[in-house]
Amino acid sequence: LLKAPKSRAPGAYAVFLGEFSKVKRQQGMTTVAEIARACSASWNQLGESEKHQYQTKADKLSAEYEETLRKWWNTTDHNLVALENRRRKRVDGDKARLLKDPFAPKRPMTSYVLFVKDFVTQNKGAAGTNDITEMSSLMKSAASKWKTLSSAEKAPYAKGAEVEKSRYKQDQEKYLKSHT
């Protein structure tokens, strides 16, 4: 069984929650719900400078995590990774979380994804709400709008996708040269 480092470093709020919950447990708070409510209220009362301190700690933890992950990935036998991925597929089927190189280049965005990204920024409310029903209706309207666009209107997005694709190919070649 091949084990990768934990999934990711904690964010600023998670760092605050860890410190806050230790203090509250020492003061006698025992339930997770009590601690979570008190933590949320305290976090909302913090000023930007105090939150910045926790963000700095989170950034430091993130850098340490990335260094740990890079060391682990560079020292792991990739044949073992392939073997572990086959095992995970056999055990978990389609829902298996496979190990993959976190430093490999990300796949390029398609013309449709570029359009949706542009569409959402233009049509999202001024408040920038992330309400799931609003985002769902926004995605539906983006899909219907995409279907009605002519090929001339889709051309800038297709061109952007080509640029993304060529950038990805260059990054992939550079990545493969450094990892073979």
Contour excess over end-to-end distance, with Cα ends at SER151 and ASP131 and 0.36 nm allotted per residue: 4.0 nm
What do the square roots of 5 times the Cα gyration tensor eigenvalues come to for the chain, in whole Å, largest first, as semi-axes of the equivalent ellipsoid? 36, 30, 18
Report the label-to-label distance for VAL32 and ASN44 in nanometres (one decimal), using points 7 Å from each Cα along the Cα→Cβ vector. 2.1 nm
Would you please state which residues of segment 1-23 a label at ARG90 would reach in this model, taking the label point 7 Å out along Cα→Cβ and a backbone N cut-off of under 13 Å? 1
If I compute solvent accessible area with a 1.4 Å probe over the protein chains, what percent of it on the chain is carbon and sulfur? 54 percent
Which entries in LYS6/LYS177; LYS89/LYS140; LYS22/LYS95; LYS71/LYS117; LYS6/LYS95; LYS6/LYS106 show an alpha-carbon gap greater than 24 Å? LYS6/LYS177; LYS89/LYS140; LYS22/LYS95; LYS71/LYS117
Gain in length, SER62 to ARG97, computed as 0.36 nm per residue apart minus the alpha-carbon separation, to one decimal in nm? 10.4 nm
With every protein chain kept in place and ligands, DNA and RNA left out, what is the accessible area per residue of segment 16-67? Probe 1.4 Å, answer in Å². 72 Å²
Using only the Cα atoms of segment 33-130, build the gyration tensor, take square roots of its eigenvalues as a ≥ b ≥ c, and label the shape rounded, prolate or oblate: rounded if a/c is under 1.5, else prolate if a/b is larger than b/c, else oblate. oblate
Between SER141 and TYR168, Cβ-based FRET efficiency (R0 25 Å, step 0.05) works out to 0.30
Identify the trypsin sites (Lys or Arg not before Pro) of segment 93-180 meeting these criteria: DSSP loop state and at most 15 other C-beta atoms within 10 Å of the C-beta. ARG97, LYS100, LYS106, LYS124
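The values are calculated or read from the model by the stated rules, or taken from the named source; none is laboratory data. Note that the structure is predicted; figures quoted are calculated from it, not measured. Because the Cβ atoms are built from the backbone with ideal geometry, glycine has one as well, and the counts that use them run over all protein chains shown. Ligands, DNA and RNA are excluded from the accessible area calculation, which covers all protein heavy atoms including side chains. Shrake-Rupley method; radii C 1.70, N 1.55, O 1.52, S 1.80 Å.
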